[in-house]
Structures are given as C-alpha cells and as structure tokens.
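Scroll down for the structure; my scribbles are underneath it.
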Ligand code: SAH
C-alpha cells in the first residue's frame with residue numbers, strides 16, 4: 001500500500017479524528033502516490049493511524065477511515081448505508097411530505113470531498129476531490145445496493161467542482177439509469193410543497209436543500225404579509241410564503257433560467273400570477289429602488305460573498321451594506337430573514353455585520369431566531385469547519 005509518514009508530533013489532530021492532513025505535516029511519502037490514490041497514514045514512530053485520499057495542495061490527505069483495513073470491498077456500501085441510516089433517523093426517508101434530502105455532506109458523513117443529493121430516487125453526485133472523482137463508479141454501485149429497486153438514476157455533476165487535472169475527463173452525465181427512466185427534470189416534494197429540480201441545467205445539484213427548515217419558518221411568519229424574496233433561485237422561499245398565506249410575493253434573481261423555474265414552481269403549487277411577481281434583476285439594485293415600507297417580510301439569501309479567507313473583509317462589508325438596506329426598507333413590525341452561506345464567515349462575524357447594519361439604520365431590531373443548516377447537512381464534531389450556513393430572523397420596529 002502507498003504510505004505517508006507524518007512529522008514527529010504532527011499526529012495529534014489525526015488522533016483527534018480531524019479528517020485532513022495538511023501538507024506541512026507530511027515528512028515522507030512511500031510508493032509514489034498520485035493524486036486520488038488511497039494512502040495509509042503513519043506517525044513518525046511508524047504507527048498506522050488512518051487512510052485516505054492523497055491530494056496535491058495545502059491538504060495532502062482527506063481521511064476516509066480511522067480503522068484498519070478501510071478499503072474492504074464493502075467500504076462504500078457500509079459508509080453510504082450509515083449515511084442513509086442517519087437520514088432515516090432524521091425522518092427524511094419515509095416521509096410523504098418530503099422526497100428530497102442530502103444523503104452525503106462530505107466530512108459530516110465521513111466522506112470528505114463528496115456531496116450526494118437525493119431527489120426522489122435520483123442521486124446527484126458532486127466530487128470535490130480527485131479521489132472522490134476516481135471513486136465515482138464504486139460509489140454508484142454502492143448506491144444501487146443501498147437503495148435497491150427504488151433508485152432511478154445516478155448523475156455525476158462534478159465538472160464544476162472536481163479539481164481539473166490532466167487525465168480526468170470532466171464531463172457530467174449519468175453513471176446509471178434504471179430501465180425506462182426519463183432523463184431530465186423531476187418534481188420533488190419538500191414539506192408538502194412541489195418543486196421542479198433540474199440537475200443538468202440548475203445550479204449546484206439542482207436545488208438548495210439546505211434551506212428546507214428555514215423555508216418552513218418563513219411559512220410560519222408569512223400570513224397576511226407582503227414578501228420580497230431576494231436571491232430567490234427557483235423560488236423555494238416564495239412557494240412556502242404563499243403556502244403560509246402571504247398576500248403577495250415578489251421574487252428576484254439575476255439568473256433568467258432560475259426565474260423561469262420560479263414561474264413554473266409557483267404554478268405547480270396552484271398559486272396565481274396575482275399573488276406573485278418575478279423580477280430577473282440584480283437583487284442589490286432592485287432592493288435599492290424599493291420604497292420604504294412596501295414589504296413586511298424580506299428574505300436575503302445571497303450566494304457566498306467570500307469563497308476564501310482573503311475575501312473575508314470585503315465580504316463582511318458587502319453583508320453589512322446589503323443588510324442595512326433590507327433593515328432600512330422593511331415596514332415597521334416587519335421581519336428580515338438574512339443568511340450567509342460563506343464557510344469562512346462564521347456566526348459571530350455574520351452577527352457583527354448585521355449588528356453594524358442595524359445600527360446604521362437607527363431602527364430598533366430584535367433577534368427572534370438564529371438559523372442554520374438542517375440535520376442532513378451534517379457537521380462532523382471533529383470538523384467544525386463543516387458548518388457553513390447561518391442566518392438571523394430579525395424583527396424590525
Ligand atoms: N434562496 C435560494 C438559494 C439562493 S442561492 C433558495 O432557497 O433556493 C443564490 C442565488 O443568488 C442564485 O440563484 C444566483 O443566481 C443568485 N444571484 C447571484 N448574484 C445575484 C445578484 N447580484 N442579484 C440577484 N441574484 C443573484
């Protein structure tokens with residue numbers, strides 16, 4: 001087996017089950033591993049610790065197993081079964097109101113570099129590492145075993161996420177389809193609402209499953225309100241708001257493809273154009289032109305403003321400006337649901353940016369709730385970096 005030896009004293013984080021070995025901790029490699037190979041990790045004293053995918057960059061190994069003999073033939077099946085058992089325990093697999101969930105959330109499910117979203121029988125896989133990309137066919141086989149006849153298809157959507165390396169053919173496509181499966185989009189249920197999901201044309205795996213619980217909260221607060229849904233993508237929050245009895249919802253996104261899906265999702269759930277208006281526009285400019293007090297519930301769910309640490313300062317300023325506008329515009333007695341999905345912006349940073357935003361408006365603002373990612377976007381207790389979605393529910397006087 002290919003091996004790496006750690007520098008003396010650098011084994012501690014592995015012993016504490018942190019799933020990454022940084023390049024600075026590696027003393028020596030044995031057997032010339034190439035990117036994506038499974039390597040065994042040894043301490044400087046020669047003790048076997050773990051094994052994982054070798055990669056080039058600041059992270060050298062992403063750990064798959066802390067046990068001996070990790071790549072037993074049933075490794076993928078065992079690990080994916082455990083992920084499915086956890087979703088079952090969360091009440092997501094047998095629900096007649098929800099037919100989509102995240103099956104694998106990277107490190108949170110012990111599979112660093114792998115995302116799998118489940119859309120009513122269709123698994124959409126995104127590899128974020130060469131190792132996971134190279135394992136995709138084994139992963140597909142294991143999915144077929146754990147889901148059996150209920151599986152309709154497995155789609156690989158790694159071209160935008162797997163690091164490009166010579167020799168990797170990054171073309172998205174089906175790894176497997178059940179006989180009679182019709183490729184394309186699918187209607188899924190989320191808390192009883194219907195959504196069209198198109199994994200080939202859509203962003204990420206097709207739908208933002210991470211907002212499921214926060215959408216349900218919007219539904220609870222929407223009755224009788226005029227709602228503005230900024231950065232709406234395919235209209236998740238909009239459908240829930242209407243379901244909760246909102247008077248009217250305006251949805252804004254800069255993607256024309258997303259806005260076309262919003263209109264279809266609104267119709268699919270039986271709402272009419274008198275209840276909803278779509279705007280294909282820049283959300284920040286759109287908000288700037290909104291008259292004060294027009295909306296009494298505003299949702300602000302922008303894309304990640306900071307993709308890496310270096311962008312943190314500018315991102316915080318952008319969150320502050322955007323939130324100041326939303327707080328300034330919302331009607332007295334109104335709600336602002338505000339989010340950040342930037343992993344490098346932690347809860348405290350985000351709360352501070354929103355605090356500064358509120359202070360700049362001079363309005364009285366209460367925090368009614370602190371929001372985060374749902375259970376199926378699991379966080380490994382040994383890898384707190386897996387927490388990325390955070391939000392605040394504000395009540396503005
Ligand atoms: N709230 C959505 C997810 C938002 S993802 C949901 O529940 O599904 C972020 C969205 O912001 C994407 O749909 C992207 O198209 C959109 N976007 C990015 N920059 C934008 C901008 N400047 N103005 C409006 N929309 C933008």
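The values are calculated or read from the model by the stated rules, or taken from the named source; none is laboratory data. Since the model is a prediction, treat every value here as computed from it, not as a measurement. Note that each Cβ is placed from the backbone with ideal geometry, even for glycine, and that neighbours are counted across all protein chains shown.
Could you check, for region 143-153, whether at least one of its residues is assigned to a strand (DSSP E or B) and modelled with pLDDT of 95 or more? Walk me through it before giving the result.
Narrowing region 143-153 to residues assigned to a strand (DSSP E or B): 153.
The next check asks that each one be modelled with pLDDT of 95 or more; those that pass are 153.
Among the residues of region 143-153, at least one is assigned to a strand (DSSP E or B) and modelled with pLDDT of 95 or more, which makes the answer yes.
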*asked:* List the residue pairs whose Cβ atoms are under 6 Å apart, where the first residue sits in region 75-96 and is without any contact (Cβ under 8 Å) to a residue 40 or more places away in the chain, the second is in a helix (DSSP H, G or I) and surrounded by 15 or more Cβ atoms within 10 Å (Cβ to Cβ), and the two are 6 or more positions apart or on different chains.
replied: 83/109; 93/87
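Quick check on residue 299: is it at pLDDT 95 or above, touching a helix residue (DSSP H, G or I) at 6+ places or on another chain (Cβ under 9 Å), in a helix (DSSP H, G or I) and near the ligand (Cβ under 9 Å from one of its atoms)?
Judged against the criteria, residue 299 is not a match.
Can you tell me how many residues within region 223-239 are more than 9 Å from the ligand (Cβ to nearest atom), more than 15 Å from residue 338 (Cα to Cα) and in contact with a strand residue (DSSP E or B) (Cβ under 7 Å, 6 or more places away or on another chain)? Spell out the reasoning first.
First, the residues of region 223-239 that are more than 9 Å from the ligand (Cβ to nearest atom): 223-228, 239.
Restricting the remaining residues to those that are more than 15 Å from residue 338 (Cα to Cα) gives 223-226, 239.
Imposing the further condition that a residue be in contact with a strand residue (DSSP E or B) (Cβ under 7 Å, 6 or more places away or on another chain) reduces the set to 225-226, 239.
Summing the residues that are more than 9 Å from the ligand (Cβ to nearest atom), more than 15 Å from residue 338 (Cα to Cα) and in contact with a strand residue (DSSP E or B) (Cβ under 7 Å, 6 or more places away or on another chain) in region 223-239 gives 3.
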*So which residues in region 87-97 are over 19 Å from residue 140 (Cα atoms) and in a helix (DSSP H, G or I)?*
88, 89
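For residue 258, are the conditions met, namely being farther than 19 Å from residue 191 by Cα, near the ligand (Cβ under 9 Å from one of its atoms) and touching a strand residue (DSSP E or B) at 6+ places or on another chain (Cβ under 8 Å)?
Numbers: farther than 19 Å from residue 191 by Cα: yes; near the ligand (Cβ under 9 Å from one of its atoms): yes; touching a strand residue (DSSP E or B) at 6+ places or on another chain (Cβ under 8 Å): no.
So residue 258 fails the test.
From the residues in region 287-296 that are crowded, with 17+ Cβ neighbours inside 10 Å and within 15 Å of the ligand (Cβ to nearest atom), which one is nearest to the chain's Cα centre (by Cα)?
Within region 287-296, the first condition is being crowded, with 17+ Cβ neighbours inside 10 Å, and the residues that meet it are 287, 290, 295-296.
If we keep only those that are within 15 Å of the ligand (Cβ to nearest atom) as well, we get 287, 290.
On the way: 287: 25, 290: 30 Å.
Here the residue is 287.
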*With the checklist (1) modelled with pLDDT of 95 or more; (2) in a loop (DSSP other than H, G, I, E, B); (3) in contact with a helix residue (DSSP H, G or I) (Cβ under 8 Å, 6 or more places away or on another chain) in hand, flag the one item residue 332 doesn't pass.*
(3)
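Name the residue, out of 278, 340, that is within 13 Å of the ligand (Cβ to nearest atom), closer than 20 Å to residue 219 by Cβ and touching a strand residue (DSSP E or B) at 6+ places or on another chain (Cβ under 8 Å).
On the way: 340 fails: closer than 20 Å to residue 219 by Cβ.
Unique residue meeting the criteria: 278.
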_Single residue of 83, 89, 68 found to be modelled with pLDDT of 95 or more and surrounded by fewer than 17 Cβ atoms within 10 Å (Cβ to Cβ)_ = 89
*Counting only residues that are assigned to a loop (DSSP other than H, G, I, E, B) and loosely packed, with under 14 Cβ neighbours inside 10 Å, which one in region 161-179 is modelled with the highest pLDDT?*
179
